[in-house]
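For reference, the structure discussed in these notes is given below.
The values are calculated or read from the model by the stated rules, or taken from the named source; none is laboratory data. The structure displayed is predicted, hence computed values, not measured ones. Cβ sites come from the backbone with ideal geometry, for glycine too, and all protein chains shown count toward neighbours. For accessibility, only protein heavy atoms count, side chains too; no ligands or nucleic acids. Shrake-Rupley method; radii C 1.70, N 1.55, O 1.52, S 1.80 Å.
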Amino acid sequence: MTERVILDCDPGHDDALAMILAAGDPRIDLVAITTCAGNQTVEKVTRNALAVCAVAGIDVPVAAGAAAPLVRPQMVAPDIHGESGLDGPVLPAPAREPEACHAVDLIIDIVMAGEPGTINLVPTGPLTNIALAMSKEPRIIERVKRVVLMGGSAGRGNRTPAAEFNIVADPEAAQAVFAGAWPVTMVGLNLTHQATADADVIARIAAIGSPLSEFVVEILGFFAKTYREHQGFDAPPVHDLCTVAKLADPAVFTTRDAFVAVELAGRWTTGMTVTDFGDAYGEEHNTQVATELDKPRLWDMTVDAIAALSGSRS
Ligand code: RIB
Ligand code: CA
């Protein structure tokens, strides 16, 4: 059985890999792509999403979404993703126009049109679109199969010592998502920092020898440079890829149930995903928290997806 996915993203180098896995793995049915301001402005990340679709031959609706967080000023991440949001490769011209509708309306329409429990939401940027959709049409909460989000951490953050970028970029939206009465899997930095694209992985991708594989190698090359310079990593952690991988193959990482809430009022800790695997607060465990990655399994399926799309592109 394939897992139907709406990918809500802010491409973003690692978002691009998530798009490619979602399109290239036969266990995933990529229904639509929606974009949200995050790594860069919504205009830039939407253009980037369309460019990745063009180079990978991904032919699904792409709808632009929120241009700013719910209440706080926008933050972007040019230090990691560059001024374009997808620096590194030359980006091809889009092969299709974005949808005329807003991302939030596309999410609502798809979820409400589908059978209950058949659509997974996979946010890999700030959670603004997801929170807006919950507010505009609360019935989606009982109809969505699962929310598998890249964000937060059961450990340290990366934007501040306490907070990860996707969450702290719109903490009010994130808190709404974690507080919703739907199944949530948190794929946080404690997991995604295990998902590094090491030299052997780059070599396997390069050996595919297609325009798409060359594009991916260039993406990962830029990502490796910024992660080395700004975060001290020998190889870049491809965060967003891990969300789609979990839906393709649940064995790709383990999870532990926990209570997760987003700090909204901490002087130093705003945006922290406070993660309680025990019962410190007497709160129900509302989240599956990703813990241990099977890294070879992740990269095997990713290389296969790139090869599959390359084959379809030859
Ligand atoms: O903190 C990592 C997350 O922030 C990833 O989703 C990356 O693309 C950026 O959005
Ligand atoms: Ca992202």
Check: Has segment 172-192 got at least one residue that is of a type outside the set (A, V, I, L, M, F, W, C), closer than 28 Å to residue 310 by Cα and outside any strand (DSSP E or B)?
Finding: yes
Item checked: From the options 143, 156, residue that is free of Cβ contacts under 8 Å to residues at least 60 places away in the same chain, open to solvent by 10 Å² or more (accessible area, probe 1.4 Å) and within 16 Å of ligand 1 (Cβ to nearest atom) -> 156
Notebook entry, point to check: Within segment 241-263, is there a residue that is modelled with pLDDT under 95 and over 18 Å from the mean Cα position of the chain (by Cα)?
Noted result: no
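Residue-by-condition table, conditions (1) open to solvent by less than 30 Å² (accessible area, probe 1.4 Å); (2) in a helix (DSSP H, G or I); (3) more than 23 Å from residue 10 (Cα to Cα):
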{"site": "227", "(1), (2), (3)": "yes, yes, no"}
{"site": "230", "(1), (2), (3)": "no, yes, no"}
{"site": "244", "(1), (2), (3)": "yes, yes, no"}
{"site": "271", "(1), (2), (3)": "yes, no, no"}
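Yes or no, residue by residue, for (1) under 19 Å from residue 71 (Cα atoms); (2) touching a residue at least 40 places away in the same chain (Cβ under 8 Å):
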position: 173; (1), (2): yes, yes
position: 190; (1), (2): no, yes
position: 199; (1), (2): no, no
position: 205; (1), (2): no, yes
position: 210; (1), (2): no, yes
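Okay, residues lined up against (1) over 30 Å from residue 213 (Cβ atoms); (2) of a type in the set (Gly, Ala, Ser):
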residue	(1), (2)
87	no, no
125	no, yes
140	yes, no
165	no, no
170	yes, no
177	yes, no
Next item on the list: Name the one entry in 192, 254, 270, 226 that is within 20 Å of residue 158 (Cα to Cα) and away from ligand 2 (no atom under 16 Å from the Cβ).
Entry: 270
Check: Within segment 76-168, which helices (runs of 4 or more DSSP H) (wholly inside it) include 2 or more residues that are out of contact with any Leu (no Cβ under 7 Å at 6 or more places or on another chain) and among the β-branched types (Val, Ile, Thr)?
Finding: 103-113, 140-143
